[in-house]
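Beneath this line is the structure, given in C-alpha cells, with notes to follow.
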Amino acid sequence: MNTQNIQQQPITNLLGNFFDIRLHKGGSQREGILKRYMKFVNDPAAHLAALVQEPLKITKNENAIKRFFGEDVHDHIAILNRITSEDRKILYNASAYQDMIMLYLINFEHVIFHMDLTMAEKSKKLKKKIYFANKTLRLCTAGSIVSNLEDEFFAIMYPRLFEKYSVLFDSKREVYCDIEKRAKKTLGKLLCEDHVIARVQSRTKSIASIHNKIKKKNILPSQVLDLIGLRVLVRTKEDCYRALEVILSHWSTHHARIKDYIAIPKENGYQSIHVTGEFDGKYVEIQIRTHNMHHKAQYGQASHRVYKRSR
C-alpha cells in the first residue's frame, strides 16, 4: 500500500481490509487519535501506525502488519509496543523515538479527555500506567500535549494535593496564561525591532511542576517565581548576549537573579542565560540559549534524565 494515499482513504477501508470485526469497532477512536496526531507528525508511515495500533495496549500481528503495510509501519509499531510495555531503554534515546513517544502520549490524551470516565475510573484504569507515562512526558517536544497531560496525570495520582494547589494557583491560571501570551508577543517584537533573529517559546507552569519545584527546593508556593516562562532561541552565543541587552534595556529585571550559565556552564554542561523579570506585575523567567544549547539541554549530556542517571 502506498502510504502517501492515507489521507485520501476512509479509515473504514484501511482497517476493514486488515482487521477482524472486533478490532474494526475501534475505528472511530483511532480516527480521533489520527486527527490529533497529524497536527504534530507528517510521516505517512507513522500515520498508518496510529491507525493499526491498539491504543495503550500491545499491538498484535506485527508480521501481518509488515506484510500488509510495509517495513516502515512495522518498525513504528515495534517501537510503540516497546514504549507501551514500558521499556526503559527507550528513555535513553528519546530523540530517535519522538514520533512514537508522541503517539503513545496522544493515546493517553484521548482516553483522558474523550472517553466518558469519572476520575475514579481514570485512576483505576490508568494509575499504574502513569508512572512510566510521566517519564515519557518529560521527553515530549510538543508543548500542548505536555500541558494537557501533566496536570491530569498529577490529579489522578495525587487528588488531594491537586485540589490544594488548585485553590492556590488554578483560580489565577487564566490570568497567567493571558500574561504569558502577551509577554511572548512583546518580547518577540522587541527582539525583532533590535534585529535579533530569535524564536520565542512560552509556557505557564503546571500544578505538577509547581509541586515538584516546591518539594525539590523546599520552598514556599509564594517563592515560585517562574510560573510564567519564556525561552529565547537564537543562532549564536553572541546573539544570546544581544538578546540579554534587549531584555535589560526594555524590561524591569532583577539583576540579582541573572544567571549566566553560558560563561560558566553547569557541571553537566548545561548552558543558558536565566533572567527573572516582571511583566504586567507578574514574575517571568526568561531563558536565552542557542538552538544547539537547547538540543543538548533536551537530549544531550545536559538533559535532566542523563544528568540524573550519571549522579
TODO: Take the chain, drop everything but the C-alpha atoms, weight them equally and run the Debye formula without solvent; then report log10 I(q)/I(0) at 0.12, 0.16 Å⁻¹ to two decimals.
DONE: -0.92, -1.34
Open item on the list: With angles folded into 0 to 90 degrees, how steeply does helix 27-37 sit against the dominant principal axis of the chain? Use alpha carbons for both and round to 10.
Closed with: 30
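Arranged by the count of other C-beta atoms within 10 angstrom, fewest first, what order do Ile58, Ile286, Ile228 take?
Working: Ile58 13, Ile286 27, Ile228 24.
By the 10 Å Cβ count, ascending, the order reads Ile58, Ile228, Ile286.
For Asn61 and Lys125, what is the calculated FRET efficiency with R₀ set at 25 Å and r taken between the beta-carbons, to the nearest 0.05?
Details: r = 24 Å, r/R0 = 0.97.
Working from the Cβ atoms, E equals 0.55.
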TODO: Report the extension gain between Ala78 and Glu174 in nm, rounded to one decimal, defined as 0.36 nm multiplied by the number of residues separating them, less their alpha carbon distance.
DONE: 30.5 nm
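Compute the signed sum of charges (Lys and Arg +1, Asp and Glu -1) over the other residues within less than 13 Å, Cβ to Cβ, of Leu190. Mind showing how you got there, number by number?
On the way: positive: Arg182, Lys184, Lys185, Lys189, Arg242; negative: Glu193, Asp194, Glu245.
Net local charge, Leu190 excluded: +2.
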- [ ] Kindly put Asp87, Asp239, Asp72 in sequence by how many other C-beta atoms sit within 10 Å of each C-beta, fewest to most.
- [x] Asp87, Asp72, Asp239
TODO: Can you tell me the FRET efficiency between Asn292 and Ile258 if r is taken as the Cβ-Cβ distance and R0 is 25 Å, rounded to the nearest 0.05?
DONE: 0.70
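Just need the Rg to Rh number for segment 168-310, please, alpha carbons only, Kirkwood Rh.
0.96
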Open item on the list: Can you tell me what share of the DSSP beta bridges in the chain is antiparallel? A percent to the nearest 5 is fine.
Closed with: 70
- [ ] Compute the acute angle (0 to 90°) between the alpha-carbon long axis of helix 143-157 and the principal axis of greatest extent of the alpha-carbon atoms of the chain; round to the nearest 10°.
- [x] 80
Open item on the list: What Kirkwood Rh does segment 56-130 have if only Cα atoms enter the pairwise 1/r average? Answer in Å.
Closed with: 13.6
Task: Ranking of Cys240, Cys177, Cys140 by count of other Cβ atoms within 10 Å, fewest first - done: Cys177, Cys140, Cys240
Task: For the chain, calculated [θ]222 nm from helices alone, where every DSSP H run of n ≥ 4 adds -39500 (n - 2.57) - done: -17500 deg cm²/dmol
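Using 0.36 nm times the number of residues separating His250 and Ala142, minus their current alpha carbon distance, what extension gain do you get?
Numbers: separation 108, 0.36 × 108 = 38.88 nm, distance 3.01 nm.
Length gained, His250 through Ala142: 35.9 nm.
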Open item on the list: Explain nothing, just the number: dipole magnitude of segment 168-310 about its Cα centre with +1 on each Lys and Arg Cβ and -1 on each Asp and Glu Cβ, in debye rounded to the nearest 20.
Closed with: 700
Open item on the list: Taking the 0 to 90 degree range and rounding to the nearest ten, how far is the long axis of helix 71-84 tilted relative to the main principal axis of the chain, both from C-alpha atoms?
Closed with: 70
Open item on the list: Expected output is a single nm value to one decimal: the length gained when fully extending between Asp87 and Glu267, i.e. 0.36 nm times separation in residues minus the C-alpha distance. What is it?
Closed with: 61.9 nm
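Readers should treat all values here as calculations from the given coordinates under stated rules, not as data from a laboratory. Note that the structure is predicted; figures quoted are calculated from it, not measured. Cβ coordinates were reconstructed from backbone atoms using ideal geometry, including for glycine residues, and neighbour counts include every protein chain displayed.
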